[in-house]
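Note sheet for the following structure.
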Amino acid sequence: MRKKTKFIHGGISRDPYTGAVSVPVYHASTFKQDGVGHFKYEYARTGNPTREALEKLIADIEEGTHGFAFGSGMAAITAVVQLFSAGDHILATDDVYGGTFRVMTKVLNRFNIDVTFVDTSNLDAVRDAIRPNTKAIYVETPTNPLLKITDLRAIAGVAHENGLKFIVDNTFSTPYWQNPLVLGADIVVHSATKYLGGHSDVVAGLVVVKDEKLAEDLHFIQNSTGGILGPQDSWLLIRGIKTLGVRMEEIESNTKKVVEFLADHPAVEKVYYPGLAGHLGHELHRSQADGFGGMVSFTVSNQEKALDVLKKTEYFTLAESLGAVESLISIPSLMTHASIPRERRLELGIEDGLIRISVGIEDIEDLLEDLEHALG
Ligand SMILES: Cc1ncc(COP(=O)(O)O)c(C=O)c1O
């Protein structure tokens, strides 16, 4: 099966009990047993048929063997880091999503799991940061909001030479454009709230692995800690994933035109997009992904100007989040990255006048007119 077919026919594509072509929402918390210990499903925290259909689907489309669905991207990430123990050390990309930074620095530290943030696009920096108690490397590529690129094959090599697990947050690229498990990752995580759901109507997280022992350990954590995704939201995700291919193609096409427009606009100073030939990591990204995605960041002269742009757009909705059919706009310095001290933010390159957009699938002419009007 090719990708677009897999999105529709992967996993459990129809209800095995009725033949319904859309797997139903099984609103059931428990299941009748044929005799003590004889059952297909036992209790819905452990397994539910709708969630199972989603978990098999994400495993298929990420080229893994086992998928796990959680109540949010953060619940998925938290479950993954619970694979580690007190005294362990993790290396993570220095500009990971703010919520990931928060859980790593304000929750994991209380359980004596230490995290060092390093520029994972710099292999030497990664090698130098490995300690005797390091157990994993956690990477986002492209990153948020500057779309920095990490070499997945090379980091997989470093991780495995040192006996470390390699974890990749694939939210930005989606399995349509990039499959980290094929490039050597051990664990893939998703905020399925974004492109996989695609319609700003569900909060969810997914994890995929390709190793039996990891799958067993993750299922144990999922079942023990219980941060599962409910059947209604699982169904919404299955429905969203069916159109992932066509949405990503349309987003890619719109984004290219938005980027060309921004690059030529006199009010725009810098444009960050992995599809630009001058973007650091452009060639590397091409070598590990089939598309560049719908996330673009750009700078205007200062924060006041950025706020003015945000106030004036009509179709680019001012909102947190990304990856939906509707275009979204945000200002990282005051929104997603507001919790990072200004000095550190500037060190990372997240300037006051930086604007991030998530391009949707509206008519491109409307999107360009909207930006033209807002940029003045
Ligand atoms: C790259 C990335 N990972 C993880 C998350 C967390 O996901 P959620 O908001 O579904 O908990 C987000 C949320 O924005 C994200 O952008």
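The values are calculated or read from the model by the stated rules, or taken from the named source; none is laboratory data. Computed from a predicted structure; not experimentally measured. Reconstructed Cβ throughout: ideal geometry from the backbone, glycine too, with neighbour counts over all protein chains shown.
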Residue that is touching a Leu at 6+ places or on another chain (Cβ under 7 Å) and within 16 Å of the ligand (Cβ to nearest atom), where the choices are VAL208, VAL158:
VAL208
ASP264 acidic (Asp, Glu), under 19 Å from THR141 (Cβ atoms) and either at pLDDT 95 or above or more than 25 Å from the chain's Cα centre (by Cα) (or both)
no
From the set of residues in the stretch 136-188 that are among the hydroxyl-bearing types (Ser, Thr, Tyr) and under 21 Å from GLY240 (Cβ atoms), which is surrounded by the fewest Cβ atoms within 10 Å (Cβ to Cβ)?
THR171
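Please note which helices (runs of 4 or more DSSP H) are completely contained in the stretch 285-376 and include at least 3 residues that are in contact with a Phe, Trp or Tyr (Cβ under 6 Å, 6 or more places away or on another chain) and at pLDDT 95 or above.
Fully inside the stretch 285-376 and qualifying: 364-375.
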Does any residue in the stretch 225-244 that is over 12 Å from HIS199 (Cβ atoms) come within less than 6 Å, Cβ to Cβ, of a residue that is hydroxyl-bearing (Ser, Thr, Tyr) six or more places away or on a different chain, and which pairs are these?
PRO231/TYR26; PRO231/THR50; SER234/THR50; TRP235/THR50
What about SER191, is it within 16 Å of the ligand (Cβ to nearest atom) and at positive phi?
no
Is it true that ILE355 is closer than 20 Å to PHE101 by Cα, under 20 Å from the mean Cα position of the chain (by Cα) and of a type in the set (Val, Ile, Thr)?
no
Return the total of residues in the stretch 93-128 being aliphatic (A, V, I, L, M), surrounded by fewer than 17 Cβ atoms within 10 Å (Cβ to Cβ) and farther than 27 Å from GLU320 by Cβ.
2
Go through (1) touching a residue at least 24 places away in the same chain (Cβ under 8 Å); (2) among the hydrophobic types (A, V, I, L, M, F, W, C); (3) surrounded by fewer than 18 Cβ atoms within 10 Å (Cβ to Cβ) for PHE220 and report which single condition fails.
(1)
Got at least one residue in the stretch 297-313 being closer than 17 Å to SER253 by Cα and in contact (Cβ under 8 Å) with a residue 24 or more places away in the chain?
yes
Could you please give the count of residues in the stretch 101-114 that are closer than 20 Å to VAL158 by Cβ and within 14 Å of the ligand (Cβ to nearest atom)?
1
For the stretch 4-33, give me each residue that is part of a helix (DSSP H, G or I) and among the charged types (D, E, K, R).
LYS4, LYS6
Please count how many residues of the stretch 55-79 are assigned to a helix (DSSP H, G or I) and touching an Asp or Glu at 6+ places or on another chain (Cβ under 9 Å).
2
List the number of the failed condition for ALA215; all other conditions in (1) among the small types (Gly, Ala, Ser); (2) surrounded by fewer than 19 Cβ atoms within 10 Å (Cβ to Cβ); (3) away from the ligand (no atom under 14 Å from the Cβ) hold.
(2)
Residues of the stretch 176-188 being over 14 Å from ALA136 (Cβ atoms), of a type outside the set (A, V, I, L, M, F, W, C) and away from the ligand (no atom under 14 Å from the Cβ), which ones?
TYR176, ASN179
